[in-house]
Every structure is written in C-alpha cells, then in structure tokens.
Amino acid sequence: MAADDIKQQIRQLLVERNAVLLAHNYMRDEVQEIADITGDSLALSMEAAKTDADVIVFCGVHFMAESAAILSPDKQVLLPRPDAGCPMADMVTVEGLEALKREHPGVPVVTYVNSSAEVKAHSDICCTSANATSVVRSLTDSTLIFVPDRNLGRYVAGQVPDKKFIFWEGYCPTHERMTVEAVLQKKAAHPDALFICHPESAPAVTALADHACSTSGMYDYCRKSSAKKFIVGTEAGILYKLRQENPDKEFILASPALICPNMKLTSLEDVLHSLQTMTPVVRVPEDVRVKAKAALDRMLAVPRD
Ligand code: 13P
Ligand code: SF4
C-alpha cells in the first residue's frame, strides 16, 4: 500500500477509535508527521495524563507506553511495536535497586523515566531529562540514589553540587556511541556551529557542549538562538522537526552512530495494524501501577526551575 493511503487509513481509524497518536521526537520522520503530538518524555507523559481520548497509540519505546498506561488507567494504550524496548531501562532491576536501598537506608530514590514500571514502583520520585535538575533540587535530603542513567545523574550532580549522589552505572548505548573524537572532528569542520547534546551522553562529550538538554529543550534552544549552525548530539530522529522548524538554519548530526535501533522500529504499517487490531495493549498490574503512579505524580507536581 502506498504511504499516503496508509496515512489516510490511520487518520480515519484515529477518529473512529477516538484515539490520540503520541510520538517521541526520535521516531521515523513519517511517524512524526502523522502524530497528533510529538514531544520529549516529559511532554508525552503530561499529554498521556490529561488526554480525553479513549485510546493512546504510543509511538516510542516500551517504558513510555507503560508510563502512559500508569498515568491513564482508564485508557487503552497501544504500543505498535511491543519489541521496541530501551536497553538502558533494562539495566536496572527491582532486586538490584532494593539491594542498593538496603546499603543506603532512608536515602530517597530518583528514577529516570527510562525504567520499568516495577522499578518506578520501588522509587520515591521519577524524573525526565527535561526536569531532572528541578526534581533533585525539590528534595530536602542531602543524599540521593539516582537510577539508572549514570550520565544524566552525573550531569545533574554537576548542576546541584550541594547534594551527594549515589549512581547506578546504567547508560544509553546510542548516546555512548558518540565519541569525543567524533564531536571534535565535527567542531573542527564547522567552527561556526554550536554543539548541543543530550545529557545521556558521556560526561566528556557533554563537557564539550554549548548546551545540554532534553530533546524538546533542543527545539526551544535552536528556535531562540541567533546561531545559524548546530552540531546535534542526540538521536537522528530529532533532525526532522529541527529542520522543519528552522529552514534557515543548518543541523549536522554529531556522529553517524546516533541511531537508536529501538526508536527506529515503528513503521506506518505497524501503526495501522495496531489501530486495526487494537493490539498490542500495554498493561501494568494494578498494585505496581498505583505505586509507580505515585512516583510519576510526584515528578509531575515539581515546578520547573
Ligand atoms: P527525552 O526526549 O525525554 O529527552 O529522552 C530521550 C530519550 O532517550 C528517550 O528514550
Ligand atoms: Fe533508550 Fe537510548 Fe534508545 Fe532512548 S535513545 S530509547 S535511552 S537506548
């Protein structure tokens, strides 16, 4: 079937099912194009929490759809590719987290949303890359456990030097493939460009950045900046909207390795099939959901700095 026919059928089914299509900023261009809302993890969580739709079609990876199911238990949440996972989220288990908590009794756990519902359920508060600094600052405790992203954790620790962090050594394989050498090469080739990167990047890479922020933060930054050229240090899917919103500016991917295989799985055919069959549904057991929701709700209540 031609892409335009698939898109038309998707649009029609979205109306018939009273469904909303949410897509992360890393999705394939054509999936972003058809989405009702695109955004970073925080924006999509907020959208999932407030939508009036009966069905949420989540084009992203599993933990994102799971967050939508946690926040909106009365909605049906579809994840068109159930095999779209996040290796970083799989790097922390409840058993491992509980062992760390036993080593540090009474220390609050801040959990990056790139984690399973079970791990969230064993945490005090969640964060995304867009609000991690505000979340950490909102805590009255002087010490905290930060899981699973060691890079985001160390980035936030640099922003909030008065707190002591206990890190978990998880990481995003996609961002860690962006090397210092690759960035320096791009900087040498484009000396007039600003370098922006995601705080999931290795600390030595983030140290080279003019600005580090979430994916949606990059849109704001590039829109407002008077610079005309940017070296972009995050997953390649971000380029679609950056180029669309800023036709007068140039965007150069910092490394060809910045492709997340999981974020690239979802095709238009998968979205159509999901809406036709109303599968695969993402469900979270109620006891886990209630505890995980408490950690997400605490995050959503934190005002941004
Ligand atoms: P944000 O879109 O929240 O910045 O997250 C990046 C990411 O890696 C999601 O998996
Ligand atoms: Fe996970 Fe990294 Fe892919 Fe985001 S980009 S889904 S953190 S592997």
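Please arrange 74, 124 by accessible surface area, largest first, computed with a 1.4 Å probe and ligands excluded. Working shown, then result.
Values: 74 120, 124 65 Å².
Ranked from most to least accessible, the order is 74, 124.
Might you work out the accessible area of residue 11 for me, using a 1.4 Å probe with all protein chains in place, and round it to the nearest 10 Å²?
Looks like 120 Å² after rounding.
Kindly report, to the nearest 10 Å², the accessible surface of residue 37 as traced by a 1.4 Å probe over protein heavy atoms only.
Approximately 50 Å² for this residue.
Using a 1.4 angstrom probe with every protein chain in place, what is the largest-first accessible-area order of 111, 206? Each step should come with its number before you reach the end.
Details: 111 0, 206 20 Å².
In descending accessible area the options line up as 206, 111.
As a check on your grasp of the helix formula, calculate [θ] at 222 nm for the chain: sum -39500 (n - 2.57) over DSSP H runs of n ≥ 4, divide by the residue count, round to the nearest 500.
Working: 15 runs with 132 residues, N = 305.
Taking each H run of at least 4 residues, the total per residue is -12000 deg cm²/dmol.
Count neighbours as other Cβ atoms within 10 Å of each site's Cβ, and list the GluC sites (Glu not before Pro) in the range 154-242 that are DSSP loop with at most 15 such neighbours. Provide the component values of the computation, followed by the final result.
Working: sites: 169, 176, 181, 200, 235; in loops: 169, 200, 235.
Counting only loop positions with at most 15 other Cβ atoms within 10 Å, the GluC sites (Glu not before Pro) in the range 154-242 are 169.
The values are calculated or read from the model by the stated rules, or taken from the named source; none is laboratory data. Values in this document were obtained by computation on a predicted structure and should not be read as measured data. Note that each Cβ is placed from the backbone with ideal geometry, even for glycine, and that neighbours are counted across all protein chains shown. Side chains included, ligands, DNA and RNA excluded: accessible areas come from the protein's heavy atoms. Shrake-Rupley method; radii C 1.70, N 1.55, O 1.52, S 1.80 Å.
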